[in-house]
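Encoded as structure tokens, the structure appears first; notes follow it.
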Amino acid sequence: MKLFLILLVVSSITSAQTECPKDYFQSPLDIPMQLSGNFGELRPNHFHAGFDLKTNKKEGLFVYAAAEGYVSRIKITHGGYGKAIYITHPNGFTTVYGHLQSGYGAIENYIKKEQYKANSYEIEVFPLPTDLIVKQKEIIAISGNTGGSDGPHLHFEIRDTKSEKIINPLYFGFDAVIMDTKKPYLMGLYAYPVDQNSIINGSKRPLLVNYIVTAQGDFIVDKVQASGKIGFGIVVQDKDDVSWNTNGVFKIEATLNGKLSFYYQFDTFAFDETKFVNALIDYKMYKTEQKRVQRLFAKSPYPFSIIKTDENFGVITVNPNENKAYKIEVADFNGNFFKICIPIVYSAAAVELNEEPKNTKYFIKANRENIFSLENVTVTFPANSFYEDVPLNFEVKGGTAFVHQDIIALQNSFNLRIEDTISSEKDREKMFIAYFDGKKYLHYTTKQYKNTFSIYSKTLGQYKLMKDSIAPKISMPKSIEGKWISDQKNIELFISDDLSGIKTYEGSLNGNWILLEYESKLKRLTYSFADGIAAEGKNELKVIVTDNVGNSTIFETQFFRSQKP
């Protein structure tokens with residue numbers, strides 16, 4: 001058991017500075033390399049898997065192959081990396097380029113061919129090693145803002161081809177390009193009572209700890225008076241010399257009386273480990289105060305490969321007649337660091353602030369299945385859905401299921417079932433389970449069996465059975481009906497749905513399927529005449545948009561176009 005719990009840093013990267021070639025990969029952009037996000041940075045529900053490279057706040061920059069190789073994968077989705085290209089290199093690594101506007105040259109031609117073959121904008125294809133061979137610094141794409149991007153930039157990452165683990169790009173010599181002489185900096189230090197018998201400075205609740213800065217840039221903390229099991233958490237950020245924004249830190253090491261207590265370093269990790277960001281941070285504080293406190297302990301272990309702990313998983317036990325010296329060291333990749341020294345003394349002081357009341361009859365045992373039912377709602381939490389044992393609020397009011405609040409992180413999905421005994425069979429065809437995010441109801445993929453509706457989710461909160469009988473909207477800001485549009489390069493339409501959301505869209509020109517590119521952030525569909533589908537003279541355009549419960553809208557128009565130069 002302890003071998004599983006005391007997690008070791010992946011051995012293949014412990015010597016990464018010698019195993020990863022320093023001069024093999026070049027920057028994929030021809031502008032100075034600046035980061036808007038670094039490797040391992042804390043993001044919503046995941047650790048960032050590479051570099052986010054700035055593109056001067058605009059789209060349209062050339063993207064270059066970082067080294068010779070072949071395009072081994074192309075994945076185009078509405079979310080995630082949007083348009084992404086993967087290049088496998090002969091040295092055992094694969095580079096990834098995401099949020100692209102388009103491919104370039106032969107690669108873009110290949111993409112369009114595959115999309116027309118599949119009659120789909122979203123594709124995932126795996127070209128043969130001989131299909132799309134590229135040289136270093138060959139243009140492979142145009143930078144963009146597709147997928148789950150919040151603004152124009154290029155996502156760039158390096159993976160081990162065989163294991164598919166992501167590796168910190170700084171190990172490949174990019175630390176020499178992105179100069180960094182600045183220390184990370186501390187934004188908050190928190191102390192946590194770990195169980196109901198723990199007390200810190202008279203409190204049974206997590207509390208902010210005061211500190212002072214030394215002349216050397218380190219931090220000294222007043223004596224922490226405690227009893228029982230406690231832990232610490234910190235809010236930290238880092239900056240380099242060439243990017244104005246803040247990024248995540250590279251390494252955190254905590255020691256207790258000179259011995260390792262809790263340690264991690266962002267060298268490499270697997271994609272299925274990114275969910276552990278919600279176990280590392282204080283999830284409740286993130287959701288309620290938007291602060292990402294990195295907890296340097298775990299009540300229950302979780303198998304994140306880069307973490308190494310003592311046998312207590314970073315939890316400190318303070319007994320009578322004991323004084324302890326706790327130290328935290330935070331560093332960036334270039335070795336800039338600061339230290340926090342925290343003296344801990346035993347105290348049997350009276351409790352001044354009790355823990356928050358837990359008024360609920362429901363309690364989750366994390367290592368077993370938990371099933372709760374109220375009225376027409378049943379929730380099933382499989383074993384290990386939660387990271388630790390927790391009390392759970394559950395009630396049904398006015399047709400809404402309140403499954404606690406989104407302040408507890410889940411490791412795996414739970415099942416929610418709602419039985420409907422009121423609606424007609426016809427009405428149920430347009431019904432689904434929706435989640436209320438605080439502003440609006442969001443559609444969840446819902447399965448129906450007779451009068452029972454079911455979903456899987458990893459988010460606690462409010463759920464409700466809803467009906468959507470309104471079809472999506474399609475609009476064209478500038479009508480082309482009956483007009484000659486020979487000079488236009490594109491046709492643009494805007495689509496929206498007020499409740500269940502867009503599921504599919506399909507367009508045809510003179511009865512032939514056409515590629516419509518959907519930019520969900522702008523609610524925009526775009527057709528490019530460069531595809532060569534339009535006929536000489538009269539053309540008939542038809543677009544069908546369907547929402548998630550089957551309501552459809554058809555848009556039709558005709559226009560004229562000359563294909564002659």
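Worth pointing out:
- Criterion: over 32 Å from the mean Cα position of the chain (by Cα), surrounded by 15 or more Cβ atoms within 10 Å (Cβ to Cβ) and among the hydroxyl-bearing types (Ser, Thr, Tyr) - qualifying residue of THR557, THR526: THR557
- Wholly enclosed strands (runs of 3 or more DSSP E) of the range 209-295 bearing at least 3 residues among the hydrophobic types (A, V, I, L, M, F, W, C): 219-221, 224-237, 251-256
- Residues that are out of contact with any Asp or Glu (no Cβ under 8 Å at 6 or more places or on another chain) and either within 17 Å of LYS489 (Cα to Cα) or without any contact (Cβ under 8 Å) to a residue 24 or more places away in the chain (or both), drawn from the range 539-553: ASN539
- Taking the criterion of being in contact with a strand residue (DSSP E or B) (Cβ under 6 Å, 6 or more places away or on another chain) and either of a type outside the set (Ser, Thr, Tyr) or outside the structural domain of HIS155 (by TED's automatic domain parsing) (or both), the residues of the range 79-96 that qualify are GLY82, LYS83, ALA84, ILE85, ILE87, HIS89, PHE93, VAL96.
- Filter result (surrounded by 13 or more Cβ atoms within 10 Å (Cβ to Cβ), under 30 Å from SER423 (Cα atoms) and among the hydrophobic types (A, V, I, L, M, F, W, C)) within the range 337-377: PHE372, LEU374, VAL377
- Matching residues in the range 529-554 - criterion: being under 35 Å from the mean Cα position of the chain (by Cα), within 26 Å of ILE470 (Cα to Cα) and among the aliphatic types (A, V, I, L, M): VAL543, ILE544, VAL545, VAL549, ILE554
- Residue within the range 472-479 that is basic (Lys, Arg), surrounded by fewer than 16 Cβ atoms within 10 Å (Cβ to Cβ) and under 13 Å from THR557 (Cα atoms) present: yes
- Comparison of ASN359, ASN367, ASN376, ASN354 shows that the only residue that is touching a residue at least 40 places away in the same chain (Cβ under 8 Å) and farther than 30 Å from TYR211 by Cβ is ASN376.
- Considering only residues in the range 163-202 that are surrounded by fewer than 19 Cβ atoms within 10 Å (Cβ to Cβ) and small (Gly, Ala, Ser), the one that is nearest to ASN354 (Cα to Cα) turns out to be GLY202.
- SER120 meets the conditions (1) in a loop (DSSP other than H, G, I, E, B); (2) in contact (Cβ under 8 Å) with a residue 60 or more places away in the chain; (3) surrounded by fewer than 20 Cβ atoms within 10 Å (Cβ to Cβ) in every case but one. The failed one is (2).
- Residue pairs meeting the criteria (Cβ under 9 Å; at least 6 apart or on separate chains; first assigned by TED's automatic domain parsing to the domain that holds PRO382, in the range 416-429; second of a type in the set (D, E, K, R) and part of a helix (DSSP H, G or I)): ASP420/ASP427; ASP420/ARG428
- Total residues in the range 524-565, condition part of a loop (DSSP other than H, G, I, E, B) and of a type in the set (Asp, Glu): 1
- When the range 523-538 is filtered for residues that are more than 26 Å from THR446 (Cβ to Cβ), in contact (Cβ under 8 Å) with a residue 24 or more places away in the chain and out of contact with any helix residue (DSSP H, G or I) (no Cβ under 8 Å at 6 or more places or on another chain), the ones remaining, listed by number, are ARG524, THR526, TYR527, SER528, PHE529, ALA530, ILE533, ALA534, ALA535, GLU536, GLY537.
- Considering the conditions (1) closer than 17 Å to CYS341 by Cα; (2) not assigned by TED's automatic domain parsing to the domain that holds VAL330, LEU208 is excluded by exactly one of them, (2).
- THR400, sole failed condition from (1) farther than 15 Å from MET466 by Cβ; (2) among the polar types (S, T, N, Q); (3) within 31 Å of the chain's Cα centre (by Cα): (1)
- The combined condition, being within 33 Å of the chain's Cα centre (by Cα), of a type in the set (Asp, Glu), more than 25 Å from PHE436 (Cα to Cα) and in a strand (DSSP E or B), is fulfilled by GLU492.
- The set of residues in the range 7-37 that are modelled with pLDDT of 50 or more and closer than 13 Å to ILE158 by Cβ comprises GLU19, CYS20, PRO21, LYS22, TYR24, PHE25, GLN26, SER27, PRO28.
- Residue pairs whose Cβ atoms lie under 6 Å apart, separated by 6 or more positions or on different chains, with the first residue in the range 443-456 and touching a residue at least 12 places away in the same chain (Cβ under 8 Å) and the second surrounded by 14 or more Cβ atoms within 10 Å (Cβ to Cβ) and polar (S, T, N, Q), are HIS443/SER500; HIS443/ASN548; PHE453/THR446; ILE455/THR446; TYR456/SER413; TYR456/ASN415.
- Within the range 40-87, strands (runs of 3 or more DSSP E) holding 1 or more residues that are surrounded by fewer than 19 Cβ atoms within 10 Å (Cβ to Cβ) and touching a residue at least 12 places away in the same chain (Cβ under 8 Å): 62-64, 69-76
- Counted as qualifying within the range 334-404 are the strands (runs of 3 or more DSSP E) with 3 or more residues that are within 30 Å of LYS183 (Cα to Cα), namely 337-346.
- Qualifying residue in the range 296-305 (condition: under 26 Å from GLY461 (Cα atoms) and of a type in the set (Lys, Arg)): yes
- Boolean, GLY103 is on the phi > 0 side of the Ramachandran plot and either in the same structural domain as PRO152 (by TED's automatic domain parsing) or surrounded by 16 or more Cβ atoms within 10 Å (Cβ to Cβ) (or both): no
The values are calculated or read from the model by the stated rules, or taken from the named source; none is laboratory data. This one's a predicted model, so the numbers in the text were calculated from it and none came from an experiment. Because the Cβ atoms are built from the backbone with ideal geometry, glycine has one as well, and the counts that use them run over all protein chains shown.
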